[in-house]
1. Can you give the charge dipole size of the chain about its Cα centre, rounded to the nearest 20 debye, using +1 on the beta carbon of Lys and Arg and -1 on the beta carbon of Asp and Glu?
2. Between Glu114 and Asp49, what length comes free when the chain is fully extended (0.36 nm per residue of separation minus the Cα-Cα distance, one decimal in nm)?
3. Efficiency by 1/(1 + (r/R0)^6): what FRET value for Glu85 and Ala18, r their Cβ-Cβ distance, R0 = 22 Å, to the nearest 0.05?
4. May I ask for the longest run of the chain untouched by GluC sites (Glu not before Pro) that are loop-located per DSSP and have at most 16 neighbouring C-beta atoms (other than their own) within 10 Å?
5. Simple spin-label model, 7 Å along Cα-to-Cβ: Ala70 to Thr133 in nm?
6. Just to confirm my numbers, what's the Cα centroid distance between segment 8-32 and segment 102-126 in Å?
7. For segment 2-138, take the convex hull of the Cα atoms, compute a quarter of its surface area, and give me that in nm², please.
8. Cβ under 13 Å from Ile36's Cβ, Ile36 left aside: what net charge do those residues give with Lys, Arg +1 and Asp, Glu -1?
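What follows is calculated from the coordinates using simple rules that are stated; it is not laboratory data. All values derive from a computational prediction rather than experimental measurement. Don't worry about glycine lacking a Cβ; one is built from the backbone with ideal geometry, like all the others, and counts go over all protein chains shown.
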Amino acid sequence: MDEVLHARGHENVSAAHASTFEVTTDDYLTPAGDCILGIEADRAPADFDDEFVAACQNADATITATFEAAGHTETVVGRGHPDLEFESDRSAVGRTSDYVDDRTILVGAEFAAEGFDRDLVAALADGAELTVTLSVTREN
């Protein structure tokens, strides 16, 4: 089961954050937003299908986030959590920790923004179009 977001990079994309990565519907990015990989996302967690959300609310769910821009691809694997709400109408955040708020789309991520491929980050800093595909699976 998948959810897809379309966003774009920005000159201030630095992907330097050690514990999160984010895509936002905001149309701006300050240098302080060092976890943000894309802006002007066409969707936010509040827009996701109820069935997708329910699948992610299982602690046994595996959630994979695939980022594609300018011919570069990065995949981050995390997991679901019973407290995931998917209520934010602004931001989608992946976390290496187990912290959950209304923006959280996965926890226990393999790595955060600082672990992203630097060629992908450079393309996003040049304003490349970004496609983020979130996939959820569950072991039976």
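1. Rounded to the nearest 20 debye, it is 320 debye.
2. Extra length from Glu114 to Asp49 when fully extended: 20.5 nm.
3. 0.35
4. 12-84
5. Rounded to a tenth, the inter-label distance reads 2.1 nm.
6. Comparing the Cα centres of segment 8-32 and segment 102-126, I get a distance of 9 Å.
7. Convex hull of Cα atoms, orientation-averaged projection: 6.6 nm².
8. Here the charged neighbours net out to -4.
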